[in-house]
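The values are calculated or read from the model by the stated rules, or taken from the named source; none is laboratory data. Everything numeric in this text was worked out from a predicted model, so none of it was measured. Cβ atoms come from the backbone with ideal geometry, glycine included; neighbour counts cover every protein chain shown.
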C-alpha cells in the first residue's frame, strides 16, 4: 500500500426534517440548515485517524499525503463550508480514477458487459469482493439510519473502500494516465470553492428583462398570426376553428418544428431548398432550425419578412426559457440570490466537465 495515500469521507445530515436534500447541499451548513455528523480520514476501517473534532489540525498535519475521496468535490465543499482551509491538501477523486481506468468508446463496465453506475457501492461490488469487510460494507449500504454508531461505521467503511479502490486504480493506470489524472484533480479544490462561494444574480434586472422579452415576443406572435390570416385569406382557405388565432395555441405551434414547417413552407409559401437538408438526414422533415432560418432570410428575407420574425421569436423564447425562468426557480429553491453552480469533473464520456442541473 502506498504510504502517501489516505482517504477521507464525510457523513452529513439536514437540520430541517422537511428538507432531507439539504444533506447533499454543503452550503446549507453555512445557513445552519445542515451539518457534518461524522468525518473520517485514514487507511483502515478501524479508524487509525478516526473521527476528529479538530479538523483543521488533522488536515494541516497531512502535508505530503494524497487524500482520496469518492466524488471528492462534495467532501471538500463541506470542509470549506465549515471554514476549514484545505487548499494545501493533495486531493484525489477515486470516482474519476475509476472512469479513467474503465471508460471507453465501447463500454463503461470493468467487465466489459454493460453500462456501469459510478457509485462507490457499485464499484466496490465489482472490484472488492475479496475485501475482509465486503459483506459488512454491502449490508450497511442497504438501509440508511441516522443512528450515530451506524453513521460512524458507515463512514469508516466508506473511507477504507475508497482507499482500497484508489490504490487499485493507481496500480492500473499508466504513467501518462496518472499524470493526466493529477492535473485533473488540481481542479477539485477550486471547483468546490466556487460551489460554496457561488455567484450573485441580479434577479431584479432579470425580471425587468423577462418583461421586455415577453412584450416583444407577444408583438411578434400577433404579427405572425396576422400574416397567417392574410395568407389563408388569399388562398381561400381560412381556418374554421375559432381557436386558430389563440395566442397559447400559436406558442405551441411555433414551438413545434413540424407545425412551423407547414406554416412556413405550405401556408406562407417560402420555397424549400434541398440545400437545407443534411445529406446524412434520416428523415424527410423540412428543417426550421436557426441555421435554416438564417439561410432562408439571406435568400428570401425581402419577400418573406415572416422568416426573420420567426427566428427572432424563437431566440426570445430560448432566452426566456433558458436564462429567465431558471433563475426564478433557483431563487425559490435557494431562498437567496446567490446561485450555486455544481460543476462535475470528468462527467462526460470524453472526460469533460459539466454542471449539475439539480442541487
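Structure above, values below:
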| quantity | calculated |
| --- | --- |
| Every residue from the stretch 320-350 that is touching a strand residue (DSSP E or B) at 6+ places or on another chain (Cβ under 7 Å) and assigned to a helix (DSSP H, G or I) | 330 |
| Close pairs from the stretch 195-222: first in the same structural domain as residue 248 (by TED's automatic domain parsing), partner surrounded by fewer than 13 Cβ atoms within 10 Å (Cβ to Cβ), Cβ under 6 Å, at least 6 apart | 221/247 |
| Some residue of the stretch 267-284 being free of Cβ contacts under 8 Å to residues at least 24 places away in the same chain and at positive phi | no |
| Subset of the stretch 137-188 (residues that are in a helix (DSSP H, G or I) and under 14 Å from residue 37 (Cβ atoms)) | 148, 149, 150, 151, 152, 153, 154, 155, 156, 158 |
| Scan of the stretch 164-186 for residues that are more than 26 Å from the chain's Cα centre (by Cα), closer than 20 Å to residue 89 by Cα and in contact (Cβ under 8 Å) with a residue 60 or more places away in the chain, ordered by number | 167, 170 |
| Strands (runs of 3 or more DSSP E) completely within the stretch 12-118 that count 3 or more residues being at pLDDT 90 or above and within 14 Å of residue 188 (Cβ to Cβ) | 66-69, 90-93 |
